[in-house]
1. For q = 0.11, 0.13, 0.15, 0.24 Å⁻¹, what log10 I(q)/I(0) does segment A:162-269 give under the Debye formula with an equal point scatterer on each alpha carbon and no solvent?
2. Quick one: plug the Kirkwood hydrodynamic radius of segment B:276-322 (C-alpha pairs) into Stokes-Einstein at 4 °C, 1.567 mPa s, and report D in µm²/s.
3. Sort segment B:138-201 into rounded, prolate or oblate with this rule: let a ≥ b ≥ c be the square roots of the eigenvalues of the Cα gyration tensor; rounded if a/c is under 1.5, and if a/c is not under 1.5, prolate when a/b is larger than b/c, oblate otherwise.
4. Sorted by mean Cβ packing within 10 Å, highest first, what order do the peptides A:202-213, A:28-39 take?
5. With r defined as the distance between the Cβ atoms of residue B:326 and residue A:248 and R0 fixed at 30 Å, what FRET efficiency is calculated, to the nearest 0.05?
6. For a label point 7 Å from the Cα of residue A:104 along Cα→C-beta, name the residues of segment A:33-49 whose backbone N is under 15 Å from it.
7. What nm distance separates the two modelled labels at residue A:16 and residue A:40, each placed 7 Å from Cα along Cα→Cβ?
8. Can you put A:152, A:198 in order of Cβ neighbours within 10 angstrom, beginning with the fewest?
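What follows is calculated from the coordinates using simple rules that are stated; it is not laboratory data. It should be emphasised that the depicted structure is a prediction, and the values quoted were computed from it without experimental measurement. Ideal geometry is used to build each Cβ from the backbone, glycine not excepted, and the neighbour counts take in all protein chains shown.
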């Protein structure tokens, strides 16, 4: 819903990857004008961390290059901050090979706070509260610690509650996808019993959409009541067959043609 | 000895951790004690495996023993054999005859195939088949294992592949039975499959896996008399209903059950939302390290009604864990249909 120029290639690269979610506290004295400087500093930091314990000659940067750039087209509202993309590329070490950089790790910050919170943020603080990482956990830790030290902020793993997963299931099921649609799959984990039990409930995409369409009153608007009713219908159909109360179990994963999300804080956007 | 078989042995030995090599080789029982003594486990693993291969040169049936060590890794399917009504059924099972006919049938269809037999005490015949094609040698790494209890009409086959029709044909021919069909029952643990089809679970008077009877009249703990157990009667009812359905003993160990539902959508009366006359298609999969025990514990934990749905409780009796459920006219509960 933004009117900025969108770089389709950059956005496309975000798709079909698994992202781990983190919540980030507001960053102190972060400046969009200094992205080049940050790239230089972070490159050096990553190289230094990677070299710890290795006997390497000074000046050899192991071919690692970090770039920070902005990601246009990902703002929720015009008041939101522009998203920031961080990428770690590694140059091939072999002398005769094409010295092209290959992206080995990506992370991006975006703002999802909305108008209310932004008004109360003091000056000097930048609110990019959601961070998504793809790639080796070791790189995520290094990048995270640099940001924490440099901008006095804090990263924490974001878990997705069953409530939010249910919202995603309802909204994504309602989306129209031109190509072949995968089933809407809900995965439940049963707590409090001696043997672990997982239940996968996959509904044919057309039938799930038909159910959502009868539940949703206003197109473009989704209410909590509608999400609850949608889920209750699914639980009820399940109970009729198996006599099991799915509402007593824990929704841990939701998957549709559009995207999938896991309560551990991993999401994957497919379209 | 076949090159590919030698290579297979060599790679298998390399995979075994050094500290377990002697143990494994002894278990395989195809090398004599004196032969085993000649192997030095302190040398390079490459040399150890080469030594084993050399000792095996004279023995052709060693690959049978892989069956024992690998049996827990496969997903076994059950196939049932129907007996021939107009009989060519022999009265006593002849092992040599079976082996000969089986080999002949399979080899007439496919030149490149490795077949090995191994008999065990409980009348189980294990057959290992490595499949090749017209132009390639048999692939020793993706073998199919078949377990046939000659006194029963059941055959267990590991991992379904395209060569199953050939295999079934050979089995039918060799066993003098009329027909063979696949049952909708799959598990990682062949013993549980056996438990289910041979009805070796929760029998009234004799349990296959006996376990001590639980004390019913437990001496009451020293609890504060002001604490009352809510719903005591309901809890007891659930326990007794559960016991009736699931039986006393341990449940056979299966890991998953799958239901393909094609019934009409029907929730609570207030939710009769979908006016579609089309079925609400969904696939439900249950998975657990021990599915039946997990299902048994649902009602006592308050997450399910007691009695649990017959769709779930019929698994051992019906000997299936793959179902296709369609709407049955006039009755609310759905029935099971064949494959």
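1. -0.33, -0.46, -0.61, -1.49
2. Answer from the Stokes-Einstein relation: 104 µm²/s.
3. Verdict is oblate for segment B:138-201.
4. The peptides rank, most packed first, as A:202-213, A:28-39.
5. Efficiency, rounded to the nearest 0.05: 0.60.
6. Taking a point 7 Å out along Cα→Cβ of residue A:104, the residues of segment A:33-49 whose backbone N falls under 15 Å are A:43-49.
7. 3.7
8. Listing A:152, A:198 from fewest to most nearby Cβ atoms yields A:152, A:198.
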